[in-house]
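The values are calculated or read from the model by the stated rules, or taken from the named source; none is laboratory data. Quick caveat, the model's predicted, so the values are computed rather than measured. Neighbour counts run over all protein chains shown; Cβ positions are idealised from the backbone, glycine included.
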Amino acid sequence: MNKLSVNHLLGIEHLTEEDIQLIFTVADNFKQIINRPIKKVPSLRDITIANLFFENSTRTKLSFELAEKRLSADVVNFSASNSSVKKGETLIDTVNNILAMKVDMVVMRHPTPGAHEFLSRHIDANIINAGDGTHEHPTQALLDAYTIREKHGDLAGKKVVIVGDILHSRVALSNIYCLQKLGAIVKVCGPLTLIPKHIKELGVEVEVDIKKALEWCDVANLLRIQLERQDTKFFPSIREYSLKYGITIELLNEINKEITILHPGPINRGVEISSEVADAKDSVILNQVENGVAIRMAVIYLLASSIK
Amino acid sequence: MNKEVREILNKNEFNILIARLARQICENHDDFKSSVLIGIQPRGTALAKLLKQELECLLKQEITAGVIDTTFYRDDFRRNDKPLLPSVTNLDFSIEDKKVVLVDDVLFTGRTIRAAMDALLAYGRPSSIELLVLIDRRFSRNLPIQANYIGKHIDTLSSERVDFIWDEQEAFDKVILRKNE
């Protein structure tokens, strides 16, 4: 096994366990490279990559752009807010216009679930999903699992709880697929209004009591409440959510067990996580960000290998 | 199956070569205090290890040695069906102002050595780079690269392949020439 089974990274759903392990192995090498004085390799110097962001992003966009630049690819950036999308151009037209300028690979974030799948049926270039609505965010799940692997070794049998707004989170779905493919046991925890009705069909257990969830798990992945995707009220107030589900140092001390806390960012301090927990010495939240660049380099490198 | 054409080196000849090459390096590097050995992944690393042992016996001091991977610097990315997969790089010392001896098993087209030099320069600026190879396939270079220390010259066709055979204990067994089918 030394080749990905896919030509696009549309979601973790389509990857095999071998694919994920291959990405991790290559990411190990890139992590070493981004920690040395000269952080760049010339592998992709003849490849051009377009970053198309139809939805806001800071971390993911920067992370992809750094990954591309450290592989020596040429990069063009596009964000929907100041483009012809506003003038009524369709997605296929927009992307085909960009490809006509000889772009080899597309990294895209789009508010519509399935936009990447749709696009992959209509264009030639390799596509990497940087988030499609509430569906998937595969590179985030890969970097989360990679961070857990770094801290705990093999993921098989590890217990991971995903806490928060599962209903609106693409990170949650990708994480569930990824962790399960690697053999971890996954639970979700949050107010029932924020947990999708059919989540149990994915083989995931639901826990409403945060304390019980933390007592059970080795790793907790905290998600932000996505107020921008909520048009109705799912819980009475942010304060109440924070009191019931916020992770504080007091809560962790009560449990008296070592738990690795992950957070994909952006952090809402004082809501889902307190500052003491986020800034703790053994916090891996910033390791996640660093690993994000290595993982994205690995994904781009492996997909670019198939460009002829 | 690739057919064996002939044996190029046996165990005995190999040991003599390693001993000779180690002594040759010593002549050019005085006490070896500011010199380092770097094996090229994947097949130069075992040789670098053997040379390190030989030099440590000769000089009675620890020799700094590392390994470097050239994958991301190769010029045949996207020219294969499968991705080029990297191996480990292990340089836990600074190469700044060091005299580097690159070690590889076979010198053929010279492209790996070009990639290794580029990879090396990403870690710093050595004062010099030399190249040691056990087998030099003459008259087959694509690039203007020659080795400073050579175990043995051989004449081959480009359709042939030079293979190092290591036994289960990772000890050297023999070098053979095969025909690529």
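Would you mind listing the strands (runs of 3 or more DSSP E) fully within the range B:80-177 where at least 2 residues are among the aromatic types (Phe, Trp, Tyr)? Reasoning before the result, please.
Details: elements: B:99-107, B:128-137, B:149-154, B:160-166.
In the range B:80-177, B:160-166 are the strands (runs of 3 or more DSSP E) which contain 2 or more residues that are among the aromatic types (Phe, Trp, Tyr).
Just a yes or no: is a residue in the range B:64-75 within 13 Å of chain A (Cβ to nearest Cβ), of a type in the set (Asp, Glu) and closer than 22 Å to B:Ala147 by Cα?
yes
Taking the range A:38-54 only, how many residues are assigned to a loop (DSSP other than H, G, I, E, B) and either closer than 11 Å to A:Lys69 by Cα or facing chain B (nearest Cβ under 7 Å) (or both)? Break it down stepwise before answering.
The initial filter retains those residues of the range A:38-54 that are assigned to a loop (DSSP other than H, G, I, E, B), namely A:38-47, A:54.
Next, from what is left, pick out any that are either closer than 11 Å to A:Lys69 by Cα or facing chain B (nearest Cβ under 7 Å) (or both): A:38-45, A:47.
Total meeting the criteria: 9.
Take the conditions assigned to a helix (DSSP H, G or I), under 30 Å from B:Arg125 (Cα atoms) and not assigned by TED's automatic domain parsing to the domain that holds A:Gly153 and apply them to A:Asp28. Does it pass?
Yes; evaluated as a whole, the condition is true for this residue.
Among the residues of the range A:55-71, count how many are closer than 30 Å to B:Leu120 by Cα and either in a strand (DSSP E or B) or more than 9 Å from chain B (Cβ to nearest Cβ) (or both).
Within the range A:55-71, the subset closer than 30 Å to B:Leu120 by Cα is A:62-71.
Cutting the leftovers down to either in a strand (DSSP E or B) or more than 9 Å from chain B (Cβ to nearest Cβ) (or both) gives us A:62-70.
Counting residues in the range A:55-71 that are closer than 30 Å to B:Leu120 by Cα and either in a strand (DSSP E or B) or more than 9 Å from chain B (Cβ to nearest Cβ) (or both) gives 9.
Looking at A:Ile295, A:Ile199, can you tell me which residue is out of contact with any Asp or Glu (no Cβ under 6 Å at 6 or more places or on another chain), modelled with pLDDT of 95 or more, under 20 Å from A:Tyr177 (Cα atoms) and away from every other protein chain (no Cβ under 14 Å)?
When all the criteria are applied, what remains is A:Ile295.
Among the residues of the range B:112-121, are any without any contact (Cβ under 8 Å) to a residue 12 or more places away in the chain, within 13 Å of chain A (Cβ to nearest Cβ) and either crowded, with 21+ Cβ neighbours inside 10 Å or more than 20 Å from B:Leu47 (Cβ to Cβ) (or both)?
Narrowing the range B:112-121 to residues without any contact (Cβ under 8 Å) to a residue 12 or more places away in the chain: B:121.
When the remaining residues are screened for being within 13 Å of chain A (Cβ to nearest Cβ), the result is B:121.
If we keep only those that are either crowded, with 21+ Cβ neighbours inside 10 Å or more than 20 Å from B:Leu47 (Cβ to Cβ) (or both) as well, we get B:121.
Yes, because at least one residue in the range B:112-121 is without any contact (Cβ under 8 Å) to a residue 12 or more places away in the chain, within 13 Å of chain A (Cβ to nearest Cβ) and either crowded, with 21+ Cβ neighbours inside 10 Å or more than 20 Å from B:Leu47 (Cβ to Cβ) (or both).
Could you name every one of the strands (runs of 3 or more DSSP E) located completely within the range A:94-195 that has at least 3 residues being over 27 Å from A:Leu62 (Cα atoms)?
Once the strands (runs of 3 or more DSSP E) in the range A:94-195 are filtered for at least 3 residues that are over 27 Å from A:Leu62 (Cα atoms), what remains is A:159-163, A:185-189.
Answer yes if at least one residue in the range B:28-50 is within 14 Å of another protein chain (Cβ to nearest Cβ), aromatic (Phe, Trp, Tyr) and crowded, with 20+ Cβ neighbours inside 10 Å, and no otherwise.
no
Return yes or no: is A:Val277 more than 12 Å from every other protein chain (Cβ to nearest Cβ) and within 30 Å of A:Pro42 (Cβ to Cβ)?
Against the criterion (more than 12 Å from every other protein chain (Cβ to nearest Cβ) and within 30 Å of A:Pro42 (Cβ to Cβ)), A:Val277 does not qualify.
Exactly one condition in (1) among the small types (Gly, Ala, Ser); (2) within 30 Å of B:Ala116 (Cβ to Cβ); (3) in contact with a His (Cβ under 9 Å, 6 or more places away or on another chain) is false for A:Ser43; which is it?
The one condition A:Ser43 does not meet is (3).
Rundown of residues vs (1) out of contact with any strand residue (DSSP E or B) (no Cβ under 7 Å at 6 or more places or on another chain); (2) surrounded by fewer than 17 Cβ atoms within 10 Å (Cβ to Cβ); (3) within 14 Å of chain B (Cβ to nearest Cβ), yes/no style:
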site: A:Asp209; (1), (2), (3): yes, yes, no
site: A:Glu215; (1), (2), (3): yes, yes, no
site: A:Ile225; (1), (2), (3): yes, no, no
site: A:Gln230; (1), (2), (3): yes, yes, no
site: A:Leu243; (1), (2), (3): yes, yes, no
site: A:Asn253; (1), (2), (3): yes, yes, no
site: A:Ile273; (1), (2), (3): no, no, no
site: A:Asp282; (1), (2), (3): yes, yes, no
site: A:Gln288; (1), (2), (3): no, no, no
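For the subset of the range A:297-308 comprising residues that are out of contact with any strand residue (DSSP E or B) (no Cβ under 8 Å at 6 or more places or on another chain) and either buried (at least 20 other Cβ atoms within 10 Å of the Cβ) or touching a residue at least 24 places away in the same chain (Cβ under 8 Å) (or both), which member is nearest to A:Asp28 (Cα to Cα)?
Selected residue: A:Ala298.
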